[in-house]
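Engineer: Take a look at the following structure, please.
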């Protein structure tokens, strides 16, 4: 869910899949700041604003290690 009046058209939807680590590069792109190139995050600004070409993750993977078998 995102709201950015004048940048993100109200009521739009996207099938773009992202993860938390995409937030930092997205916020950096929003303000025109540099971000490290050696991170897993991909800016989702093109998907949010429907401008430009959206890069996608080749895959997403993470684990949850439950301690004690719970």
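Engineer: Would you mind finding the one in 39, 31 that is at pLDDT 90 or above and over 14 Å from residue 4 (Cβ atoms)?
Structural biologist: 39
Engineer: Assuming residue 54 fulfils every condition listed in (1) out of contact with any helix residue (DSSP H, G or I) (no Cβ under 6 Å at 6 or more places or on another chain); (2) modelled with pLDDT of 90 or more; (3) outside any helix (DSSP H, G or I) apart from one, which condition is it?
Structural biologist: With (1) out of contact with any helix residue (DSSP H, G or I) (no Cβ under 6 Å at 6 or more places or on another chain); (2) modelled with pLDDT of 90 or more; (3) outside any helix (DSSP H, G or I) applied to residue 54, the lone miss is (1).
Engineer: Something else now. Can you pull out every residue in the stretch 30-51 that is more than 11 Å from the chain's Cα centre (by Cα), part of a helix (DSSP H, G or I) and touching a residue at least 12 places away in the same chain (Cβ under 8 Å)?
Structural biologist: Within the stretch 30-51, 30, 49 meet the criteria.
Engineer: Scanning the stretch 57-70 for residues that are assigned to a loop (DSSP other than H, G, I, E, B) and farther than 21 Å from residue 14 by Cβ, which turns out modelled with the highest pLDDT?
Structural biologist: Within the stretch 57-70, the match that is modelled with the highest pLDDT is 61.
Engineer: Might you let me know whether the stretch 7-23 holds any residue that is modelled with pLDDT of 90 or more, in contact with a helix residue (DSSP H, G or I) (Cβ under 7 Å, 6 or more places away or on another chain), surrounded by 11 or more Cβ atoms within 10 Å (Cβ to Cβ) and part of a helix (DSSP H, G or I)?
Structural biologist: Within the stretch 7-23, none of the residues are modelled with pLDDT of 90 or more, in contact with a helix residue (DSSP H, G or I) (Cβ under 7 Å, 6 or more places away or on another chain), surrounded by 11 or more Cβ atoms within 10 Å (Cβ to Cβ) and part of a helix (DSSP H, G or I).
Engineer: Those residues that are surrounded by fewer than 13 Cβ atoms within 10 Å (Cβ to Cβ) and on the phi < 0 side of the Ramachandran plot, I need them from the stretch 24-54; list them, please.
Structural biologist: Passing the criteria: 31, 33, 34, 36, 37, 38, 39, 40, 51, 53.
The values are calculated or read from the model by the stated rules, or taken from the named source; none is laboratory data. Small disclaimer: the values here were computed from a predicted structure and weren't measured. Cβ sites come from the backbone with ideal geometry, for glycine too, and all protein chains shown count toward neighbours.
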